[in-house]
Amino acid sequence: MCSYLLVGFWYDRKPAAAACQKAFVTNRVGDFGLLLGILGLYWATNSFDFDLIGERLQTLVSMGQLSGWVAAIFAVLVFIGPMAKSAQFPLHVWLPDAMEGPTPISALIHAATMVAAGVFLIARMFPVFAGVPLAMQLIAWTGAVTAFLGASIAVTQNDIKKGLAYSTISQLGYMVMAMGIGAYSAGLFHLMTHAYFKAMLFLGSGSVIHGMEAVVGHNPALAQDMRLMGGLRKYMPVTGITFLIGCLAICGIPPFAGFWSKDEILSSAYAANPILWLVGWLTAGLTAFYMFRMYFSTFEGDFRGNINALRAQMDGQQAPDLALSFGPGAMNPRELTIVLEDAHENHAAHDGHHADEPHESPLSMVLPLMVLAIPSLAIGLLGMPFNNRFEAFIYAPGEAKAALEAAAEFEWQEFLMMAGSSVGIALIGITLASWMYRTCQIDPDAIANRFPSLYEFSLNKWFIDDWYDRVFVKGCRRLARQVLEVDFKVVDGVVNLTGFLAVVTGEGCKYLENGRTQFYLFVIFIAVLGVSIVTAL
C-alpha cells in the first residue's frame, strides 16, 4: 500500500495513476502465491520456523511421506512472492512504470525497500530452499533470465529513469541468481553495495531532470529524455562526477563497490554452472554498455535541448552545432515538432521564460550525491574475497569462523582470472559505448537498421507488456463483457420473468376478486357442475 501511494503520488496524472495500479495488481499475484506457499509449508511441517521447516521438509521427502514434487511446488509458490516484489521475470513489468513517482521515491524503492524485500526473504528462507534442488534451479535460472532481460531492454531506452529501472531489474536478477546457486552471502553483499550506487544514480537522474526543467519546462517526458540532453557535465559538474562514479560502480570496475560484489557472484556461478556464468558475464558487458551510453548521452558532447535553437532549426535557420539525430530512436522531425509544441504549451501555462542552458542543482540535492559517492567507492572493501568481513557478519556466530577459514584458503590465480574476465567484458562495453555515443566512430543508427527486428524487440521490452495487455487486460475485458451478457440476459431475465408473472397473475386475479356474492356463487356452481360432469364420465 505504501508503494502504491508513493508511485501514485501525482494521482492527477493518468500515467501515474495507471502505474500504481499496475504495481499493486502485479504484486497481488506474487502475494497470492506467497500465501499459498506459507500455508502449504505449514500444512506439511506444522511450523513457521525456517530452520525447522527445512529440516522437516527434507525428512518427510526422504521418508517418502511427502512427494518431492509437492515440496518443490510449495517452495516455488513462496518464491512467487519475491518474484513480484523483486521484479523478476515474468512479474517484472510493474517496476519500470513505477518511475512515474517522484525521483526520491524511485531511489527509495529501487535501492533499499520494496525490491530488497524479495531478495532478503529468499536469503532468510535459504534453509527451506536449500533442501529443494528443483526450486533452487528455478530461482537461479529466473535470476539469470531476468538479469539478461533487463540489460537487453536498457540498451535502447531513451528515458533516463526507465533506463535505470531496467538496470535495477538486471541487478536484482544477479542477486536472485546468486541465491539460486547457494551463494546467498554474495547475493546479500550485492544487495547492500547496489543500494548505495543505485540510490546515487537515481538521485543523480533527479538532479539532471531538475536542471533540464529550467530549459524544457515541467514536462517529465521532455525533462527525462536523453535525446534532449548532452554536455551536462559542463553545466552540472557535481552531478556529472557522482553519476560517473555510480556508472563505474555498477559496471564492476575496481576498486568501486560493484566490482567486489558482482565478481563474487560470477565466481560462484562459474563454480555452480558455467552456463549461468556465461549469461551473467554477457550481462555484465551489456550493463557497462548501456550505463555509459546513458552517461555519454547525458553528460558528454553538445547540449541538444535548447528549445529556441531547435525551433530555429525546424524553421530552416542554421544551427550547425545542434544534432537532431543521436543514435537509434533519435527524434525525427515529427517527434521534434511534438516536443516543441509541448514545450510551447508548457511555457505558456507557467508564464515563465525557458533558459537556454541547464544549471547545477542546489546543495540540498547534490549533498546526498556526494555522501553516497563515498560508499559507492569504498563499501565493497568489506567484501574482499581474501578478507571477507561482510560474509563473516552475515553468517551465524558458529558459521562465521568457518567463513573466515574458507577465506584464508583464497586462491589468487582463480580470483585474477575471474576478475579479469568480468572487468574485461565491462571495458569492452564501455569502449563500444564511447565509440558510439562519445567519439561517434561507430554509427548506432546503422547497427539498428542492420538488425531492425532485434532493435524493435529491445525497444518494445520484448513485447511482454503488449502480450500481457492482449491476454490479461483485454482478455479480462472480453470475459467481463461475456459475464455482463449472462447477467443481462439470464440473471436479469429470471428476475424480470418473476416480476412479469407476478404482474400477470395479479392482473388476472383482480377480476375474480370483485366482492360480488352472486359472482362467487356462479363460480362455485360452475366448479361443482364441472366436477359432476368429470365424475359422471
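The values are calculated or read from the model by the stated rules, or taken from the named source; none is laboratory data. Remember, it's a predicted structure, so these values are computed and weren't measured experimentally. FYI the Cβ positions are ideal-geometry reconstructions off the backbone, even for glycines, and counts take in every protein chain you see. Heads up: the accessible areas ignore ligands, DNA and RNA and are worked out on the full protein's heavy atoms, side chains in. Shrake-Rupley method; radii C 1.70, N 1.55, O 1.52, S 1.80 Å.
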Q) So which pairs qualify, if the first residue must be in segment 269-293 and without any contact (Cβ under 8 Å) to a residue 24 or more places away in the chain and closer than 19 Å to residue 185 by Cα, the second must be of a type in the set (Phe, Trp, Tyr) and buried (at least 24 other Cβ atoms within 10 Å of the Cβ), the Cβ gap must be under 6 Å, and the two must be at least 6 apart or on different chains? A) none
Q. Condition test on residue 471, is it surrounded by 10 or more Cβ atoms within 10 Å (Cβ to Cβ), within 30 Å of residue 29 (Cβ to Cβ) and of a type in the set (A, V, I, L, M)?
A. yes
**Q.** Test: residue in segment 219-227 that is among the polar types (S, T, N, Q), open to solvent by 10 Å² or more (accessible area, probe 1.4 Å) and within 13 Å of residue 160 (Cβ to Cβ)
**A.** yes
**Q.** Number of the exception - residue 238 against (1) out of contact with any helix residue (DSSP H, G or I) (no Cβ under 7 Å at 6 or more places or on another chain); (2) open to solvent by 40 Å² or more (accessible area, probe 1.4 Å)
**A.** (1)
(Q) Just to confirm my filter: which helices (runs of 4 or more DSSP H) fall fully inside segment 336-419 and include at least 1 residues that are more than 19 Å from residue 258 (Cβ to Cβ), open to solvent by less than 30 Å² (accessible area, probe 1.4 Å) and modelled with pLDDT under 70? (A) 397-408
**Q.** Wholly enclosed helices (runs of 4 or more DSSP H) of segment 1-75 bearing at least 1 residues charged (D, E, K, R)
**A.** 14-45, 50-62
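Per-residue answers, yes or no, for (1) closer than 30 Å to residue 150 by Cα; (2) of a type in the set (A, V, I, L, M):
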{"site": "464", "(1), (2)": "yes, yes"}
{"site": "473", "(1), (2)": "yes, yes"}
{"site": "478", "(1), (2)": "no, no"}
{"site": "494", "(1), (2)": "no, yes"}
{"site": "507", "(1), (2)": "no, no"}
**Q.** Near pairs, Cβ below 7 angstrom, 6+ apart or cross-chain, from segment 103-130 (under 30 Å from residue 61 (Cα atoms)) to any residue that is assigned to a helix (DSSP H, G or I) and of a type in the set (Ser, Thr, Tyr)
**A.** 123/184; 126/184
Q: Enumerate the pairs (first residue in segment 182-196 and part of a loop (DSSP other than H, G, I, E, B); second residue anywhere and of a type outside the set (Asp, Glu) and crowded, with 24+ Cβ neighbours inside 10 Å) with beta-carbon separation below 7 Å, excluding pairs fewer than 6 apart on the same chain, so at least 6 apart or on different chains.
A: 183/265
Q: Just give me the residues in segment 112-131 being under 29 Å from residue 208 (Cβ atoms) and outside any helix (DSSP H, G or I), in sequence order.
A: 112, 113
Q.
Residues that are among the polar types (S, T, N, Q) and modelled with pLDDT under 85: list the helices (runs of 4 or more DSSP H) wholly contained in segment 212-331 that include at least 1 such residues.
A. 307-314
Q. Which condition breaks for residue 181 when tested against (1) farther than 28 Å from residue 378 by Cβ; (2) among the aliphatic types (A, V, I, L, M); (3) open to solvent by 10 Å² or more (accessible area, probe 1.4 Å)?
A. (1)
Q: Determine whether segment 93-111 contains at least one residue that is part of a loop (DSSP other than H, G, I, E, B), crowded, with 17+ Cβ neighbours inside 10 Å and in contact with a Phe, Trp or Tyr (Cβ under 9 Å, 6 or more places away or on another chain).
A: yes
(Q) Being surrounded by 24 or more Cβ atoms within 10 Å (Cβ to Cβ) and either part of a helix (DSSP H, G or I) or touching a residue at least 40 places away in the same chain (Cβ under 8 Å) (or both) narrows it down to one residue among 134, 138, 149, 172; which is it? (A) 172
